[in-house]
Amino acid sequence: MIILSLHSFWKKIKISTTMQIVNVEAQERNSFGKSSNKLIRKEGLIPAVIYSKEGVKHCSVTNADVKHLVYTADFKLAEIAIDGSKAKCTLQDIQFHPVTDNIIHMDFLELIDGHNVKVDVPVKFKGVSPGVKGGGKLMPSLRKVKIKCTPENIVPELFLDISNLELGYSVRVKDIELPEGIEIMNNGATPVASVEIPRALKTEDAEATEETPDGATADEAEAPAAE
């Protein structure tokens, strides 16, 4: 068994004031393995692990404490209280039961000042797309990106300006506004959203093309014949 003292460096970590933090009360556990985890689940608790550079701490948490951390589209941190100490953590992994969808295990990573961490944060759009104004539909294709940064630079979301996004075009990861100290791990060429041309507009364009004489543009077709 690895005994880990969760020290109080979290007090030194500067976290954005806009960051949402979920308070979690955890109970340390000294027994591990499948049998132990089954017993914990029968008690209505969720087996969990907290990782830090000093080792691993096994614990259990309640569904009530973590539901606001799990069932949300927002990025949130967890402040885990255990053994009289508190540690700010990110949720790194979660396992669900394949049939009931109940949470059966959770992995947390303690934030340590000056040490990089990788987290998934949502991408939100700002501005009004001229393509959408023209009748198109905004089609998001990537709702979250993975970023790497130190704890003090973690942000709850990133933004992508779509004020120049026209019909039939897309914006990509490389277009996301990037605050200082943050690196995006996704490929920069990956599409984040596009403006889909509606069927009605496609039909109008097709009809206009069909009505145009062969080899002539629409303007030429409408122009009066020269005397």
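The values are calculated or read from the model by the stated rules, or taken from the named source; none is laboratory data. Computed from a prediction, not measured in an experiment: that's the story for all the values here. For neighbour counting, all protein chains shown are included, and Cβ atoms are generated from backbone atoms with ideal geometry for every residue, glycine included.
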Worksheet item: Out of all the residues in the range 171-190, which are touching a helix residue (DSSP H, G or I) at 6+ places or on another chain (Cβ under 8 Å) and either more than 11 Å from SER141 (Cα to Cα) or assigned to a strand (DSSP E or B) (or both)?
Response: PRO179, GLU180, GLY181, ILE182, ILE184, ASN186, ASN187, GLY188, ALA189
Practice prompt. Mind listing whichever residues of the range 131-157 are touching a Leu at 6+ places or on another chain (Cβ under 8 Å) and closer than 23 Å to ILE112 by Cβ?
Written response: VAL145, ILE147, PRO151, ILE154
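Can you work out which of the residues in the range 22-39 that are among the charged types (D, E, K, R) and part of a helix (DSSP H, G or I) is modelled with the highest pLDDT?
Ranking the candidates gives LYS38 first.
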Worksheet, complete the sentence: Across (1) free of Cβ contacts under 8 Å to residues at least 60 places away in the same chain; (2) surrounded by 19 or more Cβ atoms within 10 Å (Cβ to Cβ), GLY188 clears everything bar (2)
Practice prompt. Please report, ordered by residue number, the strands (runs of 3 or more DSSP E) entirely within the range 40-135 with at least 3 residues that are free of Cβ contacts under 8 Å to residues at least 40 places away in the same chain and assigned by TED's automatic domain parsing to the domain that holds GLN20.
Written response: 55-62, 85-96
Item to complete: Residue by residue through the range 89-116, note down the ones that are among the charged types (D, E, K, R), surrounded by 13 or more Cβ atoms within 10 Å (Cβ to Cβ) and under 20 Å from the mean Cα position of the chain (by Cα).
Response: ASP107, GLU110
Worksheet item: Looking at (1) over 30 Å from GLN95 (Cβ atoms); (2) touching a Leu at 6+ places or on another chain (Cβ under 8 Å); (3) modelled with pLDDT of 95 or more; (4) surrounded by 13 or more Cβ atoms within 10 Å (Cβ to Cβ), which is the only condition PRO122 fails?
Response: (1)
